[in-house]
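Encoded as C-alpha cells, the structure appears first; notes follow it.
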Amino acid sequence: MATSNSHRAAGRAVTPLRHSGRALRGTGGAAVLGTVLLGSAFAGGAAQAAPAAPAAAPSAVTQAAAPVAPAPAQALHSSEKLRWGSQGASVEQLQSTLNDEGASLAVDGKFGPRTHGAVKDYQQANGLQVDGVVGPETRGSLNGSAPVVGGGGASVPAPASSSSSTGQAIVDAARTQMGAAYSWGSSNPGVSFDCSGLTQYAYKQVGIDLPRTSGQQVDAGTQISKSEAQPGDLVVWPGHMGIYAGGDKVVDAGRSPGAVTERTIWGNPTFVSFR
C-alpha cells in the first residue's frame, strides 16, 4: 500500500527531521539552532571561520620614507640693519635673542643704550666687528650661521629711494629750526639748540631716537667716508657736529654764528651714518 511504502527514490538523502525535530523542540526552542547547524553541515562546513587575510606588506615607498628634520627657525627674521634708534618688532626679536645669549634686556622694541651695549658685548664675545650695529654678520651669528659672501645670508639693503627720502626728511627737519639761537645743552624747538640737540631733534622727526650727546651719537652710528655720505648723515668735528645737507653743505647749531644755519663744510670732518 502507498501509505506503508518505505522505498525512496534512488540517490536521495534521508534526514530524520521528524525525530530530531521532536528532540530539539524539547530543549526549548533549539530547533532553530538545529536547523542552522544542519544547514551548515549541508553547506560543507562553510560555517567555520575563514582564516584572516594576511596583512598587506608595507609599500616600498612607506618603508623607504625617513623623517624630515625641520629647518632651524631663525631668531631674527628681518633683513633690515638694526642700530641705536631702531624700533619695532625686529628690535623685540633682537632683544629676546640677546636675552637667550645671557643679556638682561627689557623686550620693549626700542634700541637704546642697553640694547646697544648688549650687541657690542655679543660682538666682542663672538669675534665680530664691535660697532653695536646688527648687520648681516651679527645677524647671521645670532641665527646660528654665518652669512654667505656675495648673497645668500647677506641682508637686503633698503631701496635707495627710501633711504634718500628719509635722509632728506632729516635735513628738512633741521632746516625748520634755522634761526634758532645756539645754547649749550639746549634742545628747545623754535628757541635754541646746541649741536647734538639739533641732530637729535631732526632724527626724532623721522622716528629715529639718537642718544643726547655728540660722543654717544658718534658711537651709535657707523663711520663712513665722505664719498659715501648722503643727506641726513652726521658731519663730525672734534667737539661739534651737524647734519649733512648734500653739496658740501651742513646744517648745524654752532657757537659761531650763534644760531642754527646752513653753511659750507670746513676742515676735514668725519661722517657718521645711521642708514
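Descriptive notes on the structure:
- Number of the condition not met by ASP209 [criteria: (1) surrounded by fewer than 21 Cβ atoms within 10 Å (Cβ to Cβ); (2) touching a strand residue (DSSP E or B) at 6+ places or on another chain (Cβ under 6 Å)]: (2)
- Any hit, region 245-262, residues being within 25 Å of SER86 (Cβ to Cβ), open to solvent by 10 Å² or more (accessible area, probe 1.4 Å) and not assigned by the TED database to the domain that holds GLY112: yes
- Candidate set: region 263-275, residues that are more than 41 Å from the chain's Cα centre (by Cα) and touching a residue at least 12 places away in the same chain (Cβ under 8 Å); chosen: the one least open to solvent (accessible area, probe 1.4 Å): ILE265
- Considering region 113-130, the residues that are at pLDDT 90 or above and among the aliphatic types (A, V, I, L, M) include one that is nearest to GLY102 (Cα to Cα), namely ALA118.
- Listed by position, the strands (runs of 3 or more DSSP E) enclosed by region 185-272 that each have at least 2 residues that are farther than 22 Å from GLY132 by Cβ are 240-246, 249-254, 259-264.
- Failed item, numbered, when GLN217 is tested on (1) among the polar types (S, T, N, Q); (2) under 21 Å from THR261 (Cα atoms); (3) open to solvent by 10 Å² or more (accessible area, probe 1.4 Å): (3)
- Residue match in region 198-213 (condition: modelled with pLDDT of 95 or more and over 35 Å from the mean Cα position of the chain (by Cα)): yes
- Residues of region 104-117 satisfying the condition of being free of Cβ contacts under 8 Å to residues at least 60 places away in the same chain and more than 20 Å from the chain's Cα centre (by Cα): SER104, ARG114, GLY117
- Any hit, region 199-208, residues being of a type in the set (Phe, Trp, Tyr) and farther than 17 Å from SER86 by Cα: no
The values are calculated or read from the model by the stated rules, or taken from the named source; none is laboratory data. Model, not experiment: these values are computed from the prediction. A quick note on method: Cβ atoms are made from the backbone with ideal geometry, for glycine too, and the neighbour counts reach across all protein chains shown. Accessible surface is based on the protein model in full, side chains and every heavy atom, while ligands, DNA and RNA are left aside. Shrake-Rupley method; radii C 1.70, N 1.55, O 1.52, S 1.80 Å.
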